[in-house]
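A short reminder: the numbers here are calculations on the coordinates, not readings from a lab. Treat the numbers as computed from the prediction; the structure is a model and nothing was measured. Counting neighbours? That spans all protein chains shown, and the Cβs are built from the backbone with ideal geometry, glycine included.
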Amino acid sequence: MTTSSGVDAPVPLLEVRDVTKEFPGVRALDGVSLTLLAGEVHALVGENGAGKSTLVKVLSGVERPDAGELFIDGRPFRPLDPQEALRAGVRVVYQELNLLTFLTIEENLSFEDLPARRGLVDRTELRRRAVRLLEEVGLDTPPDTPVEELGIAQRQMVEIARALLTDARILVLDEPTATLTPREVDRLFGIIRRLTGRGIGVLFISHHLDEMKAIGDRVTVLRNGRWAATRSVADVSVAQVIELMVGRAVTEGYPFRVAVTQGEELLAVDGLTYRGNHEPISLRLHAGEILGIAGLVGSGRTEAMRAIFGADRATGGTVRVDGRLVEIHSPRDAVAAGISLLTEDRKSQGLMLDMSCAQNTTITKLAAISRHGLLQARRETIVARELIDALSIRTPSPDQMVRFLSGGNQQKVVIAKWLFADSRVLIFDEPTRGIDVGARFEIYNLIWDLAERGRGIIVVSSDLPELLGICHRICVFSKGALVGELPRERFSERAVLELAYQNYLDAASIAARARHMGSESVS
């Protein structure tokens, strides 16, 4: 390949040339082109629905393009299925994780190439591989742990570890940091730099544009299925990338509304104990309040929320809603008490993907749209349309299958179903995971609207700036214990991190880590 100046340019490791892909009624990719060089981190960004996931499926052999060409090392690349793409050196770590939950970590890591000895699985080699890979990604979990016992962030690290086992030349990372804390992100970036140092090309997809600036060499922006721009990361600002993504200027910052008046105590949790926590947990939530829950992966923050909701069995303690003692042994009890949980994995735990928006929205309170035990389809449609309009859910109709909505609109459908259930306490676990920058701020404003209507909101998030930007208070978990609470006037990344690392590191390490993350307070 020769440049316009007559200098020979390196042949791209991967070239995508004028690729088009259509689905019924939708042109997901419309003449998209990009190149990936050996040893490069090429960021791919765009709003939900911009075509990123479809392009990844084309590269991995899941989908075949209707037009256009693919090349690896200048040679045609036409994968007919994922195995053919793997043999060509293309490895994808998907946002929607692809692990066998009934198997252990070590079995998942080597599932595609099990070590054998005398016709049997070589368990010693299986363990050796797993220990090496888990150490490389920094996951301190026994290799024989069943994957079903892991949280989303831990499963993400297992996926990345599995990718390191293969001889991949092209590594596609689809939202790899969505549930990782700063410590895990730093470790992942170290892994990526080691891989690119060996000549591996990395296609890095993320809604966190600061990560693009931190790790990327070039960035390609997709908008509405089309190529919008390719820029050197060093020559473009985050604001410019956002404008390229959405086709308009987007105000940065978080929509904190000081004017919201907090009301009576809605939720009182006292002495809660559950599997894995070290000491009883107590917390309070008021009407109109947004309470943040922070902590490292494995700190027990999600487990505490699941115990409050009855998804995991509490072993002790009491829960009061509006001052009334409630017995919660299951999610059904929690819903009846006015508590809802929007799980961190909305697709597998929060939605019925192959059912309509209307069916997903009304599932929590079928009696309200039934008569004499029979579902009233017309009433269901009316209720769903009202919620769709109220939450600005972008869908052709209430009958649209949820699977085909963008991530932000899927999250709104989950919110809609809990509003229909008359929930007064809403627990959001990673509410903006895998959601683009435009939809993210819609979710923030929706959370504030709910607070202004007197709901109590709990937000669990790995995104520390998110918590600092939208919450009134932040409770911090560390190694299974609730170790501290910060009012808004004391918010800073350093303050949260000092508490989060309290049960993990010595004082010097905490201070060093906090200095690295920054210590600017927010007002």
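Summary of computed values
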item: The chain: antiparallel DSSP beta bridges as a percent of all, rounded to 5; result: 60
item: Computed E for GLU327/LEU353 - FRET, C-beta separation, R0 41 angstrom, nearest 0.05; result: 0.80
item: Cα-based Lys proximity count in the chain, under 13 Å, for pairs eight or more positions apart or on separate chains; result: 4
item: Segment ARG275-GLN376, extension gain: residue separation times 0.36 nm, minus the distance between their alpha carbons; result: 32.2 nm
item: Given the chain, longest segment not containing exposed loop chymotrypsin sites (Phe, Trp or Tyr not before Pro) (DSSP; at most 16 other Cβ within 10 Å); result: 103-503
item: Extension gain (nm, one decimal) between GLU386 and ALA367, 0.36 nm per residue minus Cα-Cα; result: 5.1 nm
item: Ellipticity estimate at 222 nm from DSSP helix runs (n ≥ 4, -39,500 (n - 2.57)) divided over the chain, nearest 500; result: -9500 deg cm²/dmol
item: Relative contact order of the chain, defined on C-alpha pairs under 8 angstrom at six or more residues apart (%); result: 14
item: Sparsely packed GluC sites (Glu not before Pro) within the range 67-107, loop by DSSP, other Cβ within 10 Å at most 14; result: GLU96
item: Nonlocal amide H pairs with ALA229, under 5 Å, H built at 1.01 Å; result: VAL221
item: Rg(Cα)/(2.2 N^0.38 Å) for the chain, N = residue count; result: 1.00
item: Length gained when the stretch SER232-ARG193 is fully extended (0.36 nm per residue, less Cα-Cα span); result: 12.3 nm
item: Cα gyration tensor shape for the range 100-166, rounded if a/c is under 1.5, else prolate or oblate; result: prolate
